[in-house]
Amino acid sequence: KPFLLVPCCACRLYGRARASRRAPPPMPSSKEKEKKEQDEEEGPTKPGLRRGWSGRIVPHDETLGDEELSYICNISSSGLKQLGRDIASNHAAGRLDLECSFIGGEGCEVLARGLATNRGLLALRLRNSEASDIGAMAIADALASQPTLRELNFESNDIGDAGARALGLWLRGCKTIEKLLLRDNRIGPDGARHLGSALCENTSLRTLGLGLNDVGDEGARYLVDGVRGSAGLRSLDLGSNGISDGGAEIIAQAIAANTPLQRLILRVNRIGDDGVRPLGEALVQNSTLTELDLQGNMLRDEAVEYLAPTLRTNHVLQKVNLEDNFLTDDGARVLLQVLEKNEDLQISDFRLKKNDLTSLMEAQFDIFMRTHARDLKEKRKKARKEGGSKSRTRSGSHTNRSSSLGAAR
């Protein structure tokens, strides 16, 4: 039968005795009483917007805290106007971070008035600010007179081809920009055309992020022309752009031309085995690319056969990502055989997860890569030590030679 557990009289008495023996809570001081009464009278307060929080440019190496970020995300129109005035008069080298501020196109126009006269900004971050093409045009016009900007983050702002055109015109004449991030902006082939032509004239840009746009094969052609004409681009992100085998063949031309490009991201596209063939052939001739990302495409074991000649002889690649494709144990086994034959293999990070591999094959490949990465690290460390000792020996011999010449004189 169901029953209830009820404490007996002794247990109740014991509990009361224990409670009576507990130390009484400390009495609050007079200052604490006054503060408590004052808080009860004023009621709960919500932090308001302060000009000092939203109207300053933070130093380049400083990270915004949660409290500061909350003020900036809730910036009012009057606060934004004051921020523009403060930027116009603040020429100290720094960073302006307005990510997720939702200031819109009109807010960007207000901000641009201050940026037009600023001469010390190093980084401007406006990710997810609902800037649209209007805001992109306003910011691009304002940055035309900016002599120090190195980084511009305009991700997730829906700028379209019109905004990309405005930024492309600005990029032509900018001599300091090193990092331009335009991910998730509905940029199509026409916008890629303007950016590609700007790459031919710009000499300072090192990183261009165009992931999650609508560039396609046609836009890839324009960008490849820009990469081949660029003197300094090192990293290009074209992930999630609807690029097919035809676009991969076009991109292979830039790889075969031995451009300065070191990092190429082609993840989550529509590249199949036929698209990997020209990429593999181009990599055989390439001596600059260190990272290739083909995650989330449509690669099967046939693609491994096209990459095998490169992986057997390449001594430049350091990172390869083939995750989330359709490779089987047969393809992974070929990769292992090829990588083992490369005596000067520099790849320390080779990813094969989320393929059609058995757990045993995944474990074998993982053990091989981890062992090779450890050996490669020790080898590089030893080479650095030997290089340092040789340089010290050279400097010492030079000093001895100069001292002997001085003694002879």
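The values are calculated or read from the model by the stated rules, or taken from the named source; none is laboratory data. This one's a predicted model, so the numbers in the text were calculated from it and none came from an experiment. Virtual Cβ from ideal backbone geometry, glycine too; neighbours counted across all protein chains shown. Ligands, DNA and RNA are excluded from the accessible area calculation, which covers all protein heavy atoms including side chains. Shrake-Rupley method; radii C 1.70, N 1.55, O 1.52, S 1.80 Å.
Pairs from the list LYS179/LYS354; LYS175/LYS319; LYS319/LYS341; LYS341/LYS382; LYS319/LYS385 with a Cα-Cα gap above 20 Å: LYS179/LYS354; LYS175/LYS319; LYS341/LYS382; LYS319/LYS385.
Run the paramagnetic zone check for ALA231: 7 angstrom along Cα to Cβ, then residues of the stretch 167-189 with backbone nitrogen under 18 Å. Within reach of a label on ALA231: 171-179.
Counting only protein heavy atoms and using a 1.4 Å probe, the accessible area of SER76 comes to about 40 Å².
Out of every Cα-Cα pair that the stretch 286-342 contains, those further apart than 13 angstrom amount to 61 percent.
What you get for the stretch 145-238, charging only the Cβ of Lys and Arg (+1) and of Asp and Glu (-1), is a dipole of about 420 debye around the Cα centre. Summing charges over neighbours of ASN321, with a neighbour being any other residue whose Cβ is under 12 Å away from its Cβ, gives +1 when K and R count +1 and D and E count -1. Take the convex hull of the alpha carbons in the stretch 221-264; its mean projected area over all directions comes to 2.8 nm². Sparse packing (at most 11 other Cβ atoms within 10 Å of the Cβ) combined with a DSSP loop state is found for the following trypsin sites (Lys or Arg not before Pro) in the stretch 93-200: LYS175.
Ranking GLU343, GLU378 from most to least accessible surface, computed with a 1.4 Å probe over the protein chains only, gives GLU343, GLU378.
With coordinates expressed along the principal axes, the C-alpha atoms belonging to the stretch 70-176 extend over 34, 30, 18 Å, beginning with the largest. In this calculation the C-beta distance from ARG119 to ALA257 is compared with R0 = 25 Å, giving a FRET efficiency of 0.10.
Each Lys or Arg adds one and each Asp or Glu subtracts one; over the other residues with Cβ under 15 Å from the Cβ of LEU236, this totals +4.
Placing a pseudo-label 7 Å from each Cα along the Cα-to-Cβ vector at PHE368 and THR203 gives an inter-label distance of 4.5 nm. Taking the square roots of 5 times each eigenvalue of the Cα gyration tensor of the stretch 136-175, largest first, gives ellipsoid semi-axes of 17, 11, 8 Å. Placing unit charges on the Cβ atoms only, positive for Lys and Arg and negative for Asp and Glu, gives the stretch 249-337 a dipole magnitude near 320 debye about its Cα centre.
Under the simplified labelling scheme, the CYS100-GLU323 pair shows an inter-label distance of 2.3 nm, with each label point 7 Å from Cα along Cα→Cβ.
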